[in-house]
Amino acid sequence: MDHRAANRIAAFDALLGSNGGTGPDYVVSGAGGRPIAAKWHRPASRNRLSNLREHVLMYHVGGSTSVSMFVKGKCLGTGSQHGSVTLYPYDCESDFVRGGTCEVLHLYLDPDLVTRYAEENLPGAIDVRLDPLLAVKDPWLQGYFAMLISEFELYGGIGGQAHSLLLAQTRQMVIRHLVHWHSSAMQHSRRAAINARAPHPLSPRRLKAVVEYIEANLTAAIDLADLAALTGLSANHFIRSFHAATQRTPYAYVVHRRLSLVAAALRSSEAPLSEIARASGFRSLSTLTNTFKRHHGVTPSRYRALAPRGLDRRAP
């Protein structure tokens with residue numbers, strides 16, 4: 001099926017239309033304002049989902065109620081546990097029956113991401129399809145969604161475009177996990193994962209090009225696709241090779257460098273924190289404060305008060 005067919009609708013729009021007239025708690029958008037993730041309070045109801053453009057990966061955040069999923073008239077199961085994950089493939093027609101309100105976080109995944117990953121990493125795998133899931137306990141996905149909620153709600157992901165590099169990077173990881181563990185290629189890809197060699201680190205020349213690009217653009221939005229293009233690698237291969245070379249993901253490296261700029265400025269100047277935030281690539285002072293405290297254990301103002309002045313100007 002072509003997920004771009006004219007009769008298909010955006011998953012976010014379909015869910016909005018079936019939410020009893022209530023919008024999401026918040027939406028996280030990517031480039032062009034397209035919703036990538038959204039948090040909802042889904043009411044007691046019966047809804048049919050079909051003809052979507054994207055896969056919908058759902059994480060049960062809270063609320064105690066029963067949720068049943070029917071595929072082709074057959075009940076796939078009933079579940080409602082906090083921390084469970086449900087996957088609704090874009091080409092699956094299903095009915096959902098909820099006995100009460102539940103709080104969920106949705107991630108919308110373009111089917112092209114799955115196709116591209118399979119073509120690049122699973123030679124011989126044809127027409128890889130994701131499996132419908134209902135209320136499964138997957139520790140990796142639980143950890144992933146816990147990280148997303150932390151980023152969105154505690155560290156400035158709400159109220160504007162979320163960090164495009166983080167979202168692009170983590171979606172690549174999610175696609176890899178779903179294809180290897182919850183798809184028609186599962187058995188093949190498990191063997192491939194077990195037998196695969198460790199990724200080669202980026203060559204010094206390629207790593208230098210990426211690092212120089214990051215340094216030159218620390219105050220601007222840094223896109224995963226642009227970084228990968230500098231190396232001639234796919235996004236997934238780039239993430240793994242960059243990590244092998246630096247022991248950090250691209251997003252973690254960018255955050256590390258921005259925090260280094262902040263720490264140096266706090267030790268060497270009396271500039272307002274809001275000015276330091278802008279000069280270091282943080283979207284807001286609250287984002288800087290929360291991120292800095294998470295990494296250093298103290299707020300920027302407390303760090304400035306404790307740091308020896310004029311003695312150590314090195315970045316941490």
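For the stretch 37-44, check the following and say yes or no: at least one residue is part of a helix (DSSP H, G or I), among the small types (G, A, S) and modelled with pLDDT of 85 or more.
no
Among the residues of the stretch 261-282 satisfying the criterion of being among the hydroxyl-bearing types (S, T, Y) and farther than 16 Å from L306 by Cα, which is nearest to the chain's Cα centre (by Cα)?
Restricting to residues being among the hydroxyl-bearing types (S, T, Y) and farther than 16 Å from L306 by Cα, the top hit is S280.
What pairs can you find where one residue is in the stretch 282-309 and assigned by TED's automatic domain parsing to the domain that holds M147 and at pLDDT 85 or above, the other is outside any helix (DSSP H, G or I) and surrounded by 15 or more Cβ atoms within 10 Å (Cβ to Cβ), and their Cβ atoms are less than 9 Å apart, with a gap of 6+ or different chains?
From residues that are assigned by TED's automatic domain parsing to the domain that holds M147 and at pLDDT 85 or above, there are no pairs.
Could you go through the stretch 206-214 and let me know if any residue there is modelled with pLDDT under 90 and surrounded by 17 or more Cβ atoms within 10 Å (Cβ to Cβ).
Within the stretch 206-214, none of the residues are modelled with pLDDT under 90 and surrounded by 17 or more Cβ atoms within 10 Å (Cβ to Cβ).
How many of the residues making up the stretch 94-115 are under 16 Å from L57 (Cβ atoms) and touching a Gly at 6+ places or on another chain (Cβ under 7 Å)? Give the steps one after another, and end with the answer.
Residues of the stretch 94-115 under 16 Å from L57 (Cβ atoms): 94, 96, 102-114.
Keeping just the survivors that are touching a Gly at 6+ places or on another chain (Cβ under 7 Å) gives 102-103.
Here the count works out to 2.
Restricting to the stretch 221-247, name every residue that is hydrophobic (A, V, I, L, M, F, W, C), outside any helix (DSSP H, G or I) and either at pLDDT 85 or above or under 20 Å from V114 (Cα atoms) (or both). Before the answer, list the steps.
Of all residues in the stretch 221-247, those hydrophobic (A, V, I, L, M, F, W, C) come to 221-222, 224-225, 227-230, 233, 235, 238-239, 242, 244-245.
Those left that are additionally outside any helix (DSSP H, G or I): 221-222, 233.
Once the filter is applied, which keeps residues that are hydrophobic (A, V, I, L, M, F, W, C), outside any helix (DSSP H, G or I) and either at pLDDT 85 or above or under 20 Å from V114 (Cα atoms) (or both), the stretch 221-247 yields I222, L233.
Among what's in the stretch 120-150 and is surrounded by 13 or more Cβ atoms within 10 Å (Cβ to Cβ) and acidic (D, E), pick the residue that is nearest to R240 (Cα to Cα).
Here the answer is E120.
Quick check on my filter: what residues within the stretch 18-31 are surrounded by fewer than 17 Cβ atoms within 10 Å (Cβ to Cβ) and either over 17 Å from the mean Cα position of the chain (by Cα) or in a strand (DSSP E or B) (or both)?
S18, N19, G20, G21, T22, G23, D25, Y26
What residue, among those in the stretch 45-83 that are at pLDDT 75 or above and β-branched (V, I, T), is nearest to the chain's Cα centre (by Cα)?
The residue in question is V56.
Does T115 satisfy being without any contact (Cβ under 8 Å) to a residue 24 or more places away in the chain and within 30 Å of G232 (Cα to Cα)?
yes
Here are some residues: A10, A6. Which one is among the hydrophobic types (A, V, I, L, M, F, W, C), at pLDDT 85 or above and loosely packed, with under 15 Cβ neighbours inside 10 Å?
Criteria check complete, one pass: A10.
Would you be able to tell me the number of residues in the stretch 198-250 that are in contact with a His (Cβ under 8 Å, 6 or more places away or on another chain) and hydroxyl-bearing (S, T, Y)?
Within the stretch 198-250, residues that are in contact with a His (Cβ under 8 Å, 6 or more places away or on another chain) and hydroxyl-bearing (S, T, Y) number 2.
Identify the single condition in (1) touching a residue at least 60 places away in the same chain (Cβ under 8 Å); (2) in contact with an Asp or Glu (Cβ under 9 Å, 6 or more places away or on another chain) that R257 does not satisfy, given that it satisfies every other one.
Tallying (1) touching a residue at least 60 places away in the same chain (Cβ under 8 Å); (2) in contact with an Asp or Glu (Cβ under 9 Å, 6 or more places away or on another chain), R257 fails exactly one: (1).
The values are calculated or read from the model by the stated rules, or taken from the named source; none is laboratory data. Source: prediction; values computed, not measured. Cβ sites come from the backbone with ideal geometry, for glycine too, and all protein chains shown count toward neighbours.
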